[in-house]
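Report on the following structure.
The values are calculated or read from the model by the stated rules, or taken from the named source; none is laboratory data. Keep in mind it's a predicted model, so treat the numbers as computed, not measured. Because the Cβ atoms are built from the backbone with ideal geometry, glycine has one as well, and the counts that use them run over all protein chains shown.
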């Protein structure tokens, strides 16, 4: 999808930072449905680590926090008895779908273009994953959802407003959308840019969001933002010179493992800290926004 001459630019028409040249839907869908994406990029690591004891506590705490947001902002206040109908778009092998069922007793559906990821899901018994929304519609032509989750998806989708409008049409009235995207150009990254020349890589992602542009994109698609929080501000390791993973790339794995250990120790409570940090200073590696369909 990308080549060696790509760069990140601010598009005044789309009002986001984006990759230049910008891919079209067809080339993007082909890229992410290609199993090479899952063997060449971080998603492969995600699939391999699903059953790792080292990651289970951290991953479950992360997903449990997202589930707590889905329930907290459920259109139905009797969510303990009627958990929201959920679609997870870009669900990989379906671990989040499994966790949602464990926590709520509700079967959730997933969309995942990679055949490899879907097959891994089938092996572990997660059968309600579809190749595309169109394939899902062939089986369930009229079903709509209370909540749609997009975890680290929107940064990969060309023309995000058009895509979110498509999600809008698949939600029930007053439905919710949960979006997780990288928090690029955040204050810690600005420090790293000034000190070390750091800049986000123009490789896998096609969109690069800051809080204001993510809010604008959601608003334009018809969603009102009702929650903002974030994940661990991993850039702090380099800023404080605790783990200098930017100037010494070989230390990247150590930074990641230290983050995981911290989150395993604090569990879901760590996300209360991250929300405070994001609200006060705008820091956090990924942003977590919840929007309501208006």
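If only one of 76, 53, 88 is surrounded by fewer than 17 Cβ atoms within 10 Å (Cβ to Cβ) and touching a residue at least 60 places away in the same chain (Cβ under 8 Å), which one is it?
One residue alone meets the criteria, 76.
If you take the residues of segment 166-175 that are farther than 9 Å from residue 223 by Cα and in contact (Cβ under 8 Å) with a residue 24 or more places away in the chain, which of them is farthest from the chain's Cα centre (by Cα)?
Among residues in segment 166-175 that are farther than 9 Å from residue 223 by Cα and in contact (Cβ under 8 Å) with a residue 24 or more places away in the chain, the one farthest from the chain's Cα centre (by Cα) is 173.
Mind telling me which of the residues 107, 67, 129 ends up being out of contact with any strand residue (DSSP E or B) (no Cβ under 8 Å at 6 or more places or on another chain) and surrounded by 18 or more Cβ atoms within 10 Å (Cβ to Cβ)?
67
I need a count of the residues in segment 160-212 that are in contact with a strand residue (DSSP E or B) (Cβ under 7 Å, 6 or more places away or on another chain), part of a helix (DSSP H, G or I) and surrounded by fewer than 22 Cβ atoms within 10 Å (Cβ to Cβ).
Qualifying residue count, segment 160-212: 2.
Quick one: residue 225 ticks every box in (1) surrounded by fewer than 16 Cβ atoms within 10 Å (Cβ to Cβ); (2) under 18 Å from residue 148 (Cβ atoms); (3) in contact with a helix residue (DSSP H, G or I) (Cβ under 6 Å, 6 or more places away or on another chain) bar one, so which box is it?
The one condition residue 225 does not meet is (1).
Among the residues of segment 221-235, are any at pLDDT 95 or above and part of a helix (DSSP H, G or I)?
no
For segment 254-272, give me each residue that is surrounded by fewer than 19 Cβ atoms within 10 Å (Cβ to Cβ) and closer than 15 Å to residue 68 by Cβ.
266, 267, 268, 269, 272
Do we find that residue 264 is out of contact with any strand residue (DSSP E or B) (no Cβ under 6 Å at 6 or more places or on another chain) and within 25 Å of residue 196 (Cα to Cα) in this structure?
Values: out of contact with any strand residue (DSSP E or B) (no Cβ under 6 Å at 6 or more places or on another chain): yes; within 25 Å of residue 196 (Cα to Cα): no.
It is false that residue 264 is out of contact with any strand residue (DSSP E or B) (no Cβ under 6 Å at 6 or more places or on another chain) and within 25 Å of residue 196 (Cα to Cα).
Restricting the search to segment 176-207, which residues are farther than 24 Å from residue 65 by Cα and under 15 Å from the mean Cα position of the chain (by Cα)?
Those that are farther than 24 Å from residue 65 by Cα and under 15 Å from the mean Cα position of the chain (by Cα): 204, 205, 206, 207.
I'm trying to understand the selection: among the residues of segment 247-285, which are outside any helix (DSSP H, G or I), farther than 24 Å from residue 53 by Cβ and in contact (Cβ under 8 Å) with a residue 40 or more places away in the chain?
Within segment 247-285, the subset outside any helix (DSSP H, G or I) is 247-248, 282-285.
Among the residues that remain, those that are also farther than 24 Å from residue 53 by Cβ are: 247-248, 282-284.
Once the filter is applied, which keeps residues that are outside any helix (DSSP H, G or I), farther than 24 Å from residue 53 by Cβ and in contact (Cβ under 8 Å) with a residue 40 or more places away in the chain, segment 247-285 yields 247, 282, 283, 284.
Name the one entry in 66, 71, 87 that is more than 19 Å from residue 152 (Cβ to Cβ) and at pLDDT 90 or above.
Details: 66 fails: more than 19 Å from residue 152 (Cβ to Cβ); 87 fails: more than 19 Å from residue 152 (Cβ to Cβ).
Among 66, 71, 87, only 71 is more than 19 Å from residue 152 (Cβ to Cβ) and at pLDDT 90 or above.
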